[in-house]
Protein chains: 2
Amino acid sequence: MKADATLTDDKATGATSGKKPPKKRDAQATQKRILAAAKREFARNGLGGARVDVITEKANVNKRMIYHYFGSKDQLFKRILEEAWTDIRTAEQKLELDHLPPKAALEKLVRFTWQYYLKNPEFINLVNSENLHRGAHIKKSETIEALSTRFMAMVGDILRRGEADGSFRANIDPVQLNITIAAIGYYYLTNRYTGSIIYKRELMDEKALDERLSFNIETIMRLVAAD
Amino acid sequence: MKADATLTDDKATGATSGKKPPKKRDAQATQKRILAAAKREFARNGLGGARVDVITEKANVNKRMIYHYFGSKDQLFKRILEEAWTDIRTAEQKLELDHLPPKAALEKLVRFTWQYYLKNPEFINLVNSENLHRGAHIKKSETIEALSTRFMAMVGDILRRGEADGSFRANIDPVQLNITIAAIGYYYLTNRYTGSIIYKRELMDEKALDERLSFNIETIMRLVAAD
DNA sequence: CTTAATTCACTAAGTAGTTAGTTTCATAAC
DNA sequence: GTTATGAAACTAACTACTTAGTGAATTAAG
């Protein structure tokens, strides 16, 4: 009789022969499952709307584990934010824009930013939620501070090279430029629901997305172009 | 003895002489107070984070009144959204951009959009919250549908006139343009908390705000300029 | 045997929404 | 001009359920 075995086949824990299928312990895997579930839940519903019990369920862990590993809902949220920014900044570094001529580098950055938002829709929602909470969680984060410095240096370098070789006009503020690059992609995507209604247009089909990317590249190229 | 009079001086209800200071009834005023408090609370905390009890308290009404006049938290939220869009679209119409030459009209629109967001910070948060909820509330709203049509006609008209008199290049999509105008202001403001940290710069002092507006005007003017 | 992973049963404080009324007021009948 | 009446404005107390977070025991692993 292995009737009770069916009660414990929660996951891919291929229940073995014995009476007691011993539950594997794996702290790292548990934490990963919590983080994955939390990212999803926080992105879907925001910090305030997210439910710890839902994270518990989706991560297939006992609720106590969340508090054991992460302390509180807010600390878990902070951790999720740090991981999200680490991911995007790491991906940006991998572009190796230093090796490209300025115009090509800038276009690649615009393209990348857009595609990253598209492929990682949680990112936008997490950032929105953190801003609703006035940056309370990342204010104290050293992780994020460090990531940002390196990134802005890269953008500044592209501008300097472009100015030097005459492809860009002079004195463009890298902070303003980067905010603009982010803005024209981010806003389109984060406001796609109200946007579809206001503009009476499907904003998320393939053609619309391609058109937006082209428009954004045009916007940025015209913005930096030498006269 | 008018000792009990002090108990009922909630508001500017200048308690008169008699024993029973009769509580003024004013359905319209009550609804206005609820709407004002709700707008604030929804904007501060999002739909999910907003608390009906807080609205009750700030509006100085009995909780039952909210359900009496608005039915539910969600219906109240929908109403707030409709009023918010009515406000911005009404203000835009008052600009009378049709009477200005195309370049001036467009610059005025960019300026207005930026200043409206600045002066009405709730607007951005309400829109964000509605998008987090996938546009569920305004999807069914006829009010918002009607407002949008008229507005987009105005933007389209500016572009047509500019193309005709040679100040703008041809074939600019008014939807893409308008999304961009909104984006470059909206993103800067909604993400100001995380932005201040990432860019290590004060984004909200007067000088920074002026600089951003100038940069945005430059961005849009270069985007539409005839070659 | 000791340490860490995991579970179970629980709590205290919210949470949107409701039940069952009382109070005010305009209108019309006396 | 005073008083019945019906409707709408307003109130207090409550309900059924959720919520983040815990105390203490149990079980696996080195």
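For the Cα atoms of chain B, what angle does the longest principal axis make with the long axis of helix B:102-119, in degrees from 0 to 90, nearest 10?
Roughly 30 degrees, rounded to the nearest 10.
Which of B:64, B:111, B:89 moves most in a GNM of chain B, Cα contacts under 10 Å?
Of B:64, B:111, B:89, the most mobile in the Gaussian network model is B:64.
Helix A:27-49 against the longest principal axis of chain A: what's the angle in degrees, Cα atoms only, rounded to the nearest 10?
Tilt relative to chain A: about 60 degrees.
Quick one: pull the percentage of alpha-carbon pairs in the range A:27-71 with a separation above 15 Å.
That tail contains 32 percent of the Cα-Cα pairs.
How do B:116, A:67, A:193 rank by accessible surface area computed with a 1.4 Å probe, from largest to smallest?
The ordering from most to least exposed comes out as A:67, A:193, B:116.
Sorted by accessible area (1.4 Å probe), largest first, how do A:180, B:90, A:56 line up?
Sorted descending by solvent-accessible area, the residues read B:90, A:56, A:180.
Out of the range B:98-163, which GluC sites (Glu not before Pro) are coil in DSSP terms and have no more than 11 other C-beta atoms within 10 Å?
Nothing satisfies the criteria.
Given the protein chains as shown and a 1.4 Å probe, how many square angstrom of residue B:221 are accessible, to the nearest 10?
Number for this one is 40 Å².
If you count, for every residue in B:42-50, the Cβ atoms of partner chains within 10 Å of its Cβ, what is the mean?
4
On a C-alpha basis, how far is the centre of the range A:53-110 from the centre of the range A:30-44 in Å? Whole number, if you could?
Cα centroid of the range A:53-110 versus Cα centroid of the range A:30-44: 11 Å apart.
I need the inter-copy label distances for residue A:196: point set 7 Å along Cα to C-beta, values in nm with one decimal, smallest first.
Distances to the matching label points in the other copies: 3.5 nm.
Take the alpha carbon atoms of the range B:162-202, find their center, do the same for the range A:160-213, and report the distance between the two centers in whole angstrom.
When both Cα centres are located, 8 Å separates them.
Every other copy gets compared here: list the nm distances from the residue B:32 label point (7 Å along Cα to Cβ) to its counterparts, shortest first, one decimal.
6.0
If you put a point 7 Å past Cα along the Cβ direction, how far is that point for residue A:121 from the same point in each other copy, in nm, smallest first?
3.0
Tell me the mean residue ellipticity at 222 nm calculated for chain A from its helices only (DSSP H runs of n ≥ 4, each -39500 (n - 2.57), averaged over every residue, nearest 500).
Working: 10 runs with 156 residues, N = 227.
The helix-only estimate for chain A comes to -22500 deg cm²/dmol at 222 nm.
What residue among A:165, A:87, A:74 has the largest mean-square fluctuation in a Gaussian network model of chain A, using Cα springs under 10 Å?
Looking only at A:165, A:87, A:74, the largest GNM fluctuation is found for A:165.
Can you quote the Å³ per residue value for the convex hull of the Cα atoms in the protein assembly as shown, rounded to an integer?
Values: hull volume 99.6 nm³, N = 454.
Each residue corresponds to 219 Å³ of Cα convex hull volume.
Give the ranking of B:82, A:202 by solvent-accessible surface, highest area first, calculated with a 1.4 Å probe. Don't jump to the answer; show the numbers that get you there.
Values: B:82 30, A:202 105 Å².
Final ranking, largest accessible area leading: A:202, B:82.
The values are calculated or read from the model by the stated rules, or taken from the named source; none is laboratory data. In this text, all values refer to a predicted model and were calculated from it rather than measured experimentally. Virtual Cβ from ideal backbone geometry, glycine too; neighbours counted across all protein chains shown. SASA here: full protein model, heavy atoms, side chains in, ligands and nucleic acids out. Shrake-Rupley method; radii C 1.70, N 1.55, O 1.52, S 1.80 Å.
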